[in-house]
Amino acid sequence: MEVSPPQLVLTMPLHAITEMYGEEGLRQRFALEIAGMHDESRLQLQDALELASQLHRDDRRSREPYMNHLLRTAIRIMAYYEVKDVDVLVATLLHDAVEDHPEELAGNAPGDPVAAALDVLASRFNQRVAHLVRAVTNPPREPGRDRFEQYRDHVAEALDGNPWARVIKVSDFTDNGVGLIHSLPPKHIPMAIKYGPLVPVLRELISRSDTPLAEHVKAHILGQLDAAEERFAAILSVANPVAAPQN
């Protein structure tokens, strides 16, 4: 359903679309972004979007449906990272599916639900999609270990040899971290604590020569990481002014 003139929605920042038109506006922008692709590619992406919508139908984050996050993360990769690789975009739409809904995705298959869910993605799409989703799926908590430290180490290890997974993760991080100003204030401090240590990890990964993005796109991302780092520092300085760094 068209909710905004196409020429306008194609030029609007993603969070502005969210604020003005909600999920339907983001769906319209997604449809416009994939309109020029081959029929087979569009069908795969529509299938992935339908599956994501089914799995996350009752999920919410902060003030919005969870699908908004998935749509923005995929649109960002197309519109701002200039990537039209269908497998990468399918994996982006489904990047939280295995972590959040393994049993439903696996259809209650016996055994490890995460492995079974990844098998479903490999069968429904292909092994590359499953491999990309696995790389950005957080492992179970390790008892006795700081969860944010585990998260940072997992990201560094999982993305080290997987350049395309870096692209998915940095768009995910941008929506969560750079976009934390669009979240409710109670979320700001825990998000800054979680995502702040990830900035130098992502900065190093994105700067690598094998990261499959144009140099001007990398520069854009690095600028956003700098902005995120500044926001995290500002949030944490207010939360704990005694520990704030002195200039």
Rounded to the nearest 500, what is the 222 nm mean residue ellipticity of the chain from helices alone, with -39500 (n - 2.57) per DSSP H run of 4+ residues and division by all residues?
-20500 deg cm²/dmol
What is the Cα radius of gyration of segment 1-137 over 2.2 N^0.38 Å, N being its residue count?
1.04
If the chain between Val238 and Ser209 were fully stretched, how many nm would it gain, using 0.36 nm times the residue separation less the Cα-Cα distance?
6.7 nm
Extended-chain gain in nm, criterion 0.36 nm per residue less alpha-carbon gap, Glu230 and Ala115:
37.6 nm
Of Pro190, Pro102, Pro163, which has the largest mean-square fluctuation in a 10 Å C-alpha GNM of the chain?
Pro190
Using just the C-alpha positions of segment 1-42 as equal point scatterers, what log10 of I(q)/I(0) does the Debye formula give at each q in 0.31 1/Å?
-1.05
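Bear in mind these aren't lab numbers, they're just calculated from the coordinates by the rules spelled out. Nothing here was measured: the structure is a model prediction, and the numbers come from that model.
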